[in-house]
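Some notes on the structure that comes next.
The values are calculated or read from the model by the stated rules, or taken from the named source; none is laboratory data. Nothing here was measured: the structure is a model prediction, and the numbers come from that model. Cβ placement follows ideal geometry from the backbone for every residue including glycine, while neighbour counts extend to all protein chains displayed.
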Amino acid sequence: LAKTTQPISMDSYEGQEVNITCSHNNIATNDYITWYQQFPSQGPRFIIQGYKTKVTNEVASLFIPADRKSSTLSLPRVSLSDTAVYYCLVGPYNQGGKLIFGQGTELSVKP
Amino acid sequence: DTGVSQDPRHKITKRGQNVTFRCDPISEHNRLYWYRQTLGQGPEFLTYFQNEAQLEKSRLLSDRFSAERPKGSFSTLEIQRTEQGDSAMYLCASSLEVGTGTEAFFGQGTRLTVV
């Protein structure tokens, strides 16, 4: 599975847009990009998944350039409750829950 | 609540004791996964089941660890002769076999402290 690299931590303020970029230089042709969110003392929660270009849902947007060697998770107008660790994962679409997590990005949203 | 349920939420045990954790997946999910997470790190895959069959085990799963899913529903993870290094959050997740990409649903975890 392709290795991912993302910032260890980020700070933001309420109401701002937050963009977390993940590098995955060795992504394979059949790999998808998935982001999970984890609050303290809880299990991770699926946020969004994509293969190329842009994907948007009610929580976030995922931007993937044509070369797919990186991706950006965009959280619009964050609130204090978005303070969490965000994980970027890369792997085959059908791998189900057999996931390889990196260290993630700890996002801290301040008032 | 129809999510993934784990029991207990917290467990403190003395070194050398055996512990067992339980996971109840989402009822229609036939895949079940166990992960371990230490402070400041992402979850690490331990093992997974498809129905009652254990299909894969990580090298992290030493001989002291055993997992079962006897009827393809709930699962148990047992750690024998616990060591301080076993202190971690143990997470369970479940997913459908096909059609859902990489969306797995996680429980809230069991936090194990070995003293």
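Just to be sure before I move on: is B:L39 closer than 16 Å to B:R111 by Cβ and surrounded by 14 or more Cβ atoms within 10 Å (Cβ to Cβ) in the structure I sent?
Values: closer than 16 Å to B:R111 by Cβ: yes; surrounded by 14 or more Cβ atoms within 10 Å (Cβ to Cβ): no.
No.
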Quiz item: If we keep just the residues of region A:58-82 that are within 30 Å of B:L39 (Cβ to Cβ) and free of Cβ contacts under 8 Å to residues at least 40 places away in the same chain, which is farthest from the chain's Cα centre (by Cα)?
Solution: A:S81
Quiz item: If B:G72 passes every condition in (1) surrounded by fewer than 20 Cβ atoms within 10 Å (Cβ to Cβ); (2) within 11 Å of chain A (Cβ to nearest Cβ); (3) touching an Asp or Glu at 6+ places or on another chain (Cβ under 6 Å) but one, which one does it miss?
Solution: (2)
Exercise. Would you be able to tell me the number of residues in region A:5-53 that are not β-branched (V, I, T) and not in a loop (DSSP other than H, G, I, E, B)?
Key: 18
Exercise. Please determine, by comparing only the residues of region A:40-57 that are within 18 Å of A:S108 (Cα to Cα) and under 14 Å from the mean Cα position of the chain (by Cα), which one is surrounded by the most Cβ atoms within 10 Å (Cβ to Cβ).
Key: A:P44
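Looking at B:G107, is it more than 16 Å from B:H10 (Cα to Cα), touching a strand residue (DSSP E or B) at 6+ places or on another chain (Cβ under 9 Å) and either among the small types (G, A, S) or modelled with pLDDT under 95 (or both)?
Numbers: more than 16 Å from B:H10 (Cα to Cα): no; touching a strand residue (DSSP E or B) at 6+ places or on another chain (Cβ under 9 Å): yes; either among the small types (G, A, S) or modelled with pLDDT under 95 (or both): yes.
Judged against the criteria, B:G107 is not a match.
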Exercise. Scan region A:86-94 and give yes if some residue there is at pLDDT 95 or above, out of contact with any helix residue (DSSP H, G or I) (no Cβ under 7 Å at 6 or more places or on another chain), of a type in the set (G, A, S) and in a strand (DSSP E or B), otherwise no.
Key: no
Self-check item: Per-region count, region B:70-82, residues in contact with a Leu (Cβ under 8 Å, 6 or more places away or on another chain) and not in a strand (DSSP E or B)
Solution: 1
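Might you let me know whether region B:11-26 holds any residue that is closer than 23 Å to A:Q38 by Cα, surrounded by fewer than 16 Cβ atoms within 10 Å (Cβ to Cβ) and touching a Ser or Thr at 6+ places or on another chain (Cβ under 7 Å)?
Going residue by residue through region B:11-26, those that are closer than 23 Å to A:Q38 by Cα are B:11, B:21-26.
Now narrow it down to the ones that are surrounded by fewer than 16 Cβ atoms within 10 Å (Cβ to Cβ): B:22.
With the extra rule that they be touching a Ser or Thr at 6+ places or on another chain (Cβ under 7 Å), the set shrinks to B:22.
Yes: one or more hits.
In region B:51-77, which residues are within 20 Å of A:G43 (Cβ to Cβ) and touching a residue at least 12 places away in the same chain (Cβ under 8 Å)?
Narrowing region B:51-77 to residues within 20 Å of A:G43 (Cβ to Cβ): B:56, B:58, B:60-61, B:65, B:67, B:69, B:73-77.
Scanning region B:51-77 gives B:S58, B:L60, B:L61, B:F65, B:A67, B:R69, B:S73, B:F74, B:S75, B:T76, B:L77.
Scan region B:48-69 residue by residue and report those that are assigned to a loop (DSSP other than H, G, I, E, B), away from chain A (no Cβ under 14 Å) and in contact with a strand residue (DSSP E or B) (Cβ under 7 Å, 6 or more places away or on another chain). Write out each step before concluding.
Taking region B:48-69 and keeping what is assigned to a loop (DSSP other than H, G, I, E, B), we get B:51-52, B:58-64, B:69.
Within this subset, residues satisfying the condition of being away from chain A (no Cβ under 14 Å) are B:52, B:62-64.
Hit for region B:48-69 is B:R64, nothing else.
Would you check if A:I33 is modelled with pLDDT of 95 or more and surrounded by 15 or more Cβ atoms within 10 Å (Cβ to Cβ)? Show your work before the answer.
Working: modelled with pLDDT of 95 or more: no; surrounded by 15 or more Cβ atoms within 10 Å (Cβ to Cβ): yes.
Here the answer is no, as A:I33 does not meet what is asked.
Per-residue answers, yes or no, for (1) more than 9 Å from chain B (Cβ to nearest Cβ); (2) out of contact with any Ser or Thr (no Cβ under 6 Å at 6 or more places or on another chain); (3) among the β-branched types (V, I, T):
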| position | (1), (2), (3) |
| --- | --- |
| A:I64 | yes, no, yes |
| A:T72 | yes, no, yes |
| A:L80 | yes, yes, no |
| A:V85 | no, yes, yes |
| A:K98 | no, yes, no |
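Could you please let me know if B:G85 is outside any loop (DSSP other than H, G, I, E, B), more than 13 Å from chain A (Cβ to nearest Cβ) and more than 21 Å from A:P44 (Cβ to Cβ)?
Numbers: outside any loop (DSSP other than H, G, I, E, B): yes; more than 13 Å from chain A (Cβ to nearest Cβ): yes; more than 21 Å from A:P44 (Cβ to Cβ): yes.
In short, yes.
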Practice problem: Considering only residues that are within 10 Å of chain A (Cβ to nearest Cβ) and of a type outside the set (D, E, K, R), look in region B:35-47 and name the one that is farthest from the chain's Cα centre (by Cα). | Solution: B:G40
